[in-house]
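Visitor: Let me give you the structure first, and then I'll get to my questions.
The values are calculated or read from the model by the stated rules, or taken from the named source; none is laboratory data. A quick note: this is a predicted structure, and the numbers were derived from the prediction, not measured. Virtual Cβ from ideal backbone geometry, glycine too; neighbours counted across all protein chains shown. SASA here: full protein model, heavy atoms, side chains in, ligands and nucleic acids out. Shrake-Rupley method; radii C 1.70, N 1.55, O 1.52, S 1.80 Å.
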Amino acid sequence: MDSSDQTTAPPRPLRPRTPYEALGGGETIQRIVNRFYDLMDGETQYAALRAMHAADLAPMRRSLAGWLSAWAGGPRDWFEENPGKCMMSAHRGLGVQREVAGQWADAMARAIAEVGPADRDMGKLMAERLDMMANAMAATPE
Ligand code: HEM
């Protein structure tokens, strides 16, 4: 081995960037969630979805942002505060209808596009995956 090799700092291990980082972190996710609930609260096309939720959306603004952050590979606080809680199972008893699942996915896609995450392709992927998840909630009624 050449002596110069020993003076070279070892390469730092490569860690893939998480979707959370690509989107712009917790601040961006909270802005997406806030826009999502503002749309749900303010536009009549989401009235059926709004009617399923409690009057006060503040707890949901916190909870959904926490869940999305953990889901995207960010801080896992939500999972630690809700051990073993599965989002699909949590929605099973709500009687999610296909049309209302579409409202959820539509408002979320708009919120993501309007906030414009740092990595826009990752934002599109996020919207696509959440659309699939919302539709799966409707497809698996109790
Ligand atoms: C991928 C899609 C979805 C995600 C990630 C998601 C996420 C969440 C989260 C994190 C909560 C809070 C749970 C808690 O804090 O215990 C929640 C509650 C709720 N979700 Fe969803 N949700 C999705 C789709 C939907 C859909 C499609 C509907 C209705 C059509 C819906 C209706 C509700 C309702 C009614 C609540 C309870 C809200 C309240 O108590 O005010 N969700 N959801």
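Quick grid of which residues meet (1) within 17 Å of A118 (Cβ to Cβ); (2) among the basic types (K, R); (3) open to solvent by less than 50 Å² (accessible area, probe 1.4 Å):
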| residue | (1), (2), (3) |
| --- | --- |
| G25 | yes, no, yes |
| D38 | no, no, no |
| D41 | no, no, no |
| H53 | no, no, yes |
| A58 | no, no, yes |
| A65 | yes, no, yes |
| R76 | no, yes, no |
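Visitor: Within the range 89-142, work out how many residues are of a type in the set (G, A, S) and without any contact (Cβ under 8 Å) to a residue 40 or more places away in the chain.
Guide: 10
Visitor: Oh, and also: Just checking, does the range 71-93 include any residue being near the ligand (Cβ under 7 Å from one of its atoms), out of contact with any strand residue (DSSP E or B) (no Cβ under 7 Å at 6 or more places or on another chain) and of a type in the set (S, T, N, Q)?
Guide: yes
Visitor: Could you please find all residues in the range 87-112 being surrounded by fewer than 21 Cβ atoms within 10 Å (Cβ to Cβ), over 14 Å from the mean Cα position of the chain (by Cα), closer than 12 Å to A139 by Cβ and of a type in the set (A, V, I, L, M, F, W, C)?
Guide: Answer for the range 87-112, where residues must be surrounded by fewer than 21 Cβ atoms within 10 Å (Cβ to Cβ), over 14 Å from the mean Cα position of the chain (by Cα), closer than 12 Å to A139 by Cβ and of a type in the set (A, V, I, L, M, F, W, C): just A101.
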